[in-house]
1. Normalising by the residue count of the chain, find the relative contact order in percent from Cα pairs under 8 Å and 6+ residues apart.
2. What is the chain by shape, rounded, prolate or oblate, if you read a ≥ b ≥ c off the alpha carbon gyration tensor as root eigenvalues and call it rounded for a/c under 1.5, prolate for a/b larger than b/c, and oblate otherwise?
3. Within a 10 angstrom radius of the beta carbon, how do Asp35, Asp10 rank from fewest other beta carbons to most?
4. Note down the nm distance, to one decimal, between modelled labels 7 Å out along Cα→Cβ at Lys31 and at Glu60.
5. Could you please rank Leu3, Leu52, placing first whichever residue has the fewest other Cβ atoms within 10 Å of its Cβ?
6. For Arg57, Arg32, which order do you get if you count the other beta carbons within 10 Å of each Cβ and list the fewest first?
Amino acid sequence: MALPQVDVIDEPPELGRHWCQLGAIEQAAPKRWMDAYLAAFAIAAGLPLISLDQYFRQFERQGLVFQLLQADGRPEDQP
């Protein structure tokens, strides 16, 4: 079932380069690599990333446009 609010897009051409940069750490960290993949996808595609997980803020200085949602689904900046 398709939702009109959801689009499916192919991986952007620059995804690999961004993912390698964002996920580069010396020890194994599967959660970091998964989050880095999502952030890299958004950066390479020129899309914002919206999440309940504030961990993504660490990728903003690499170009991620990030919107943190509150538990009730409202953007962080809305009371």
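1. On the way: 79 pairs, mean separation 18.6, N = 79.
Reported as a whole number, the value is 24 percent.
2. In terms of gyration-tensor shape, oblate.
3. Numbers: Asp35 20, Asp10 7.
So the ranking, lowest neighbour count to highest, is Asp10, Asp35.
4. Simple spin-label model gives 2.0 nm for this pair.
5. Details: Leu3 6, Leu52 11.
In order of increasing Cβ crowding within 10 Å: Leu3, Leu52.
6. Details: Arg57 12, Arg32 16.
Starting with the residue having the fewest Cβ neighbours, the order is Arg57, Arg32.
We did not get these values from a lab; they are worked out from the coordinates using the rules stated. Model, not experiment: these values are computed from the prediction. Glycine gets a Cβ as well: all are built from the backbone with ideal geometry, and neighbour counts include every protein chain shown.
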